[in-house]
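See structure below.
The values are calculated or read from the model by the stated rules, or taken from the named source; none is laboratory data. What you see is a predicted model; the values in this text were computed from it and never measured. Cβ placement follows ideal geometry from the backbone for every residue including glycine, while neighbour counts extend to all protein chains displayed. Areas reflect the complete protein model, heavy atoms only, side chains present, ligands, DNA and RNA absent. Shrake-Rupley method; radii C 1.70, N 1.55, O 1.52, S 1.80 Å.
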Amino acid sequence: MKVIVTGSFNPITKGHEDLILRAASIFDEVIVAVFNNVDKKYEFSLTEREKLCRAAFVGVRNVRTVSSDGMVVDLCREENCFLLLRGVRDESDLRYEKMMSEANKRFEPRCETLFMTASEKYERLSSTAVRKIISGNGSFIGLIPEKAEKCLVEILEERKGGKYEK
Ligand code: ADP
């Protein structure tokens, strides 16, 4: 059985990685789907966010990364997969996730969303925190997937036109 893990991944964190790898140990295939959430403004472009996710799962045979500027339900139809998986860190995540799950069901009744609680270790880790650290030139080691570190350095150096000490 396959499952789609949707998100903005702005940028992907160790919390996302943990969720996706746990899913990969349960499902035959995990599709990591990078989206543009209309309520959010993005520090990283869709292409950059997709690149970082792809780098994070290099060598993981049952994880595949895609990106879309469209709607989640359209990707479900395209992939013929109507099972979504989202991570839940706390009550406020759960409230938001329930609302999104119901909205997706309205657009596509076959859409079902499963929730997985965040691992204790990562339950306070967010992309927002990682972005703040990056904007202050802080170290992101241990906050983003190890395999995505090089890609993030490249993105940041391209922007700055100089060296970024991770
Ligand atoms: P979105 O903009 O669609 O909410 P995010 O990239 O913020 O996307 O999050 C994608 C999914 O990962 C969401 O289900 C979110 O709750 C979950 N998530 C975020 N951080 C963590 C974490 N530290 N541990 C587990 N799940 C997380």
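Observations, loosely collected:
- Near pairs, Cβ below 7 angstrom, 6+ apart or cross-chain, from the range 145-165 (in contact (Cβ under 8 Å) with a residue 60 or more places away in the chain) to any residue that is of a type in the set (Val, Ile, Thr) and outside any helix (DSSP H, G or I): Pro145/Ile12; Lys147/Val58; Ala148/Ile12; Leu152/Ile144
- Residue check for Lys150: modelled with pLDDT of 95 or more, farther than 27 Å from Tyr96 by Cβ and either open to solvent by 70 Å² or more (accessible area, probe 1.4 Å) or of a type in the set (A, V, I, L, M, F, W, C) (or both): yes
- Every condition in (1) within 12 Å of the ligand (Cβ to nearest atom); (2) assigned to a helix (DSSP H, G or I); (3) not aliphatic (A, V, I, L, M) holds for Asn10 except the one numbered (2).
- Per-region count, the range 152-166, residues in a helix (DSSP H, G or I) and more than 11 Å from Pro11 (Cα to Cα): 8
- Of everything listed in (1) within 14 Å of the ligand (Cβ to nearest atom); (2) under 13 Å from the mean Cα position of the chain (by Cα); (3) open to solvent by 70 Å² or more (accessible area, probe 1.4 Å), the single unmet condition for Arg124 is (2).
- Of all residues in the range 85-110, those being under 17 Å from Val34 (Cα atoms) and within 9 Å of the ligand (Cβ to nearest atom) number 5.
- In the range 8-37, the residues that are without any contact (Cβ under 8 Å) to a residue 40 or more places away in the chain and open to solvent by 20 Å² or more (accessible area, probe 1.4 Å) form Cβ pairs under 7 Å with partners that are more than 6 Å from the ligand (Cβ to nearest atom) and among the polar types (S, T, N, Q), at six or more places apart or across chains, as follows: Asp28/Asn62; Glu29/Asn62.
- Annotation note: of Val34, Val72, Val60, Val30, the sole residue that is modelled with pLDDT of 95 or more, in contact with a strand residue (DSSP E or B) (Cβ under 6 Å, 6 or more places away or on another chain) and more than 11 Å from the ligand (Cβ to nearest atom) is Val30.
- Scanning the range 38-57 for residues that are open to solvent by 100 Å² or more (accessible area, probe 1.4 Å) and farther than 18 Å from Lys132 by Cβ yields Val38, Asp39, Lys51, Arg54.
- Residues (among the acidic types (Asp, Glu) and either open to solvent by less than 70 Å² (accessible area, probe 1.4 Å) or touching a helix residue (DSSP H, G or I) at 6+ places or on another chain (Cβ under 6 Å) (or both)) located in the range 100-121: Glu108
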